[in-house]
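Just so it is clear, none of the values below were taken in a lab; they were calculated from the coordinates. In this text, all values refer to a predicted model and were calculated from it rather than measured experimentally. Glycine gets a Cβ as well: all are built from the backbone with ideal geometry, and neighbour counts include every protein chain shown.
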């Protein structure tokens with residue numbers, strides 16, 4: 001059988017080992033240490049933001065963001081529906097109520113009109129939402145001008161989930177740096193990885209300092225263990241931060257390769273009018289194209305037909321995210337929908353987008369697509 005082609009596997013550069021070896025040589029193998037400090041500073045420099053807290057996951061970053069913004073039990077949090085559950089589960093951790101906002105067609109991200117409608121509805125009920133969690137899906141920046149203006153108009157805190165969008169930009173400003181707090185993920189499938197890990201970002205240094213405090217079990221500055229608040233074991237290890245430092249050195253190369261893959265798929269499939277790609281709407285948007293995603297507009301072939309055809313050839317693909325408002329666990333939650341994310345889930349497929357793919361891998365993928373369509 002052919003070697004398996006994965007959807008978006010880790011891609012080591014070789015630069016990581018230097019920092020990992022430093023961690024072992026100095027016995028800094030526990031959470032915190034020089035690699036963590038330097039990784040945070042290097043990320044802050046790359047993103048042009050004041051503060052970064054390196055954490056154990058993107059989900060932990062969302063959780064701490066909600067705590068920092070004082071989201072309490074029964075508060076309303078407006079969430080992108082088309083996303084991974086890690087964007088939403090922390091809302092439940094703090095006892096708040098997620099309310100789901102559907103996507104708009106041009107970026108597949110949160111619809112500003114539905115967002116404002118939800119805010120107005122809850123204000124009429126005397127329950128102004130406490131926060132907005134905006135996701136930049138598959139690396140595509142959302143309509144940030146419109147959404148940021150709405151958040152400011154109603155004085156609602158904006159959390160940017162840029163877990164999939166490191167290196168993406170809107171009007172030349174990094175995704176994840178527009179809201180009160182931003183979050184990143186360095187899971188194994190992301191554009192760069194620390195194996196498992198994430199980060200909380202903010203221009204507010206007090207938020208970053210407090211996030212680090214909570215992430216180290218809220219230990220007070222005493223020679224013994226003193227705790228006046230509940231904390232969490234959320235800090236990134238020094239070894240994994242070393243991997244991140246090496247990965248960060250090649251981030252721009254990874255972005256270039258992801259974008260190359262996206263446009264190569266477009267070129268190879270341009271004669272098939274059934275395929276529709278997620279695209280940058282205009283020059284304001286710059287996507288890292290973390291995953292190249294397509295919609296299949298056909299009565300003869302479905303996204304699952306193509307997924308199964310790939311699997312038969314030992315190639316991994318994946319449907320687009322199943323919207324949160326369709327998930328059984330959130331069946332009792334309020335949602336504001338327009339049918340867009342349901343259509344995306346029904347017709348969409350994520351294509352293999354690993355940056356270590358070679359021409360032979362790519363040709364295998366394209367041949368499966370062409371054979372399946374022609375059949």
ask   = With a 10 Å Cβ neighbour count serving as the proxy for reagent exposure, in which order, fewest first, do 11, 325 appear?
value = 11, 325
request  = For the stretch 161-233 and the stretch 236-298, write down the distance between their C-alpha centroids in whole Å.
outcome  = 23 Å
ask   = How far is it, in nm, from the label point at residue 264 to the one at residue 48 when both lie 7 Å from their Cα along the line to the Cβ?
value = 3.1 nm
inquiry  = For the chain, what does the helix formula give at 222 nm: sum of -39500 (n - 2.57) over DSSP H segments with n ≥ 4, over the residue count, nearest 500 deg cm²/dmol?
reply    = -11000 deg cm²/dmol
task = Assuming R0 = 51 Å, can you tell me the calculated FRET efficiency for the pair residue 374 and residue 204, based on Cβ-Cβ distance, to the nearest 0.05?
result = 0.40
inquiry  = Test of understanding: what is the full-extension gain from residue 256 to residue 312, defined as 0.36 nm times their sequence separation minus their Cα-Cα distance?
reply    = 17.2 nm
For 110, 1, order by how many other beta-carbon atoms lie within 10 Å, fewest first = 1, 110
query = What fraction of the DSSP beta bridges in the chain is antiparallel, stated in percent and rounded to the nearest 5?
reply = 55 percent
request  = Could you grab the Rg to Rh ratio for the chain? Cα atoms only, Kirkwood for Rh.
outcome  = 0.98
ask   = Over the stretch 251-374, what is the mean sequence separation of C-alpha contacts under 8 Å (at least six apart), divided by residue count, expressed as relative contact order in percent?
value = 30 percent
task = Determine the relative contact order of the chain: mean sequence separation of Cα pairs under 8 Å and six or more apart, normalised by residue count, in whole percent.
result = 24 percent
inquiry  = Give me the extension gain from residue 25 to residue 120: residue separation times 0.36 nm, minus the current Cα-Cα distance, reported in nm with one decimal.
reply    = 28.5 nm
ask   = Arranged by the count of other C-beta atoms within 10 angstrom, fewest first, what order do 286, 213 take?
value = 213, 286
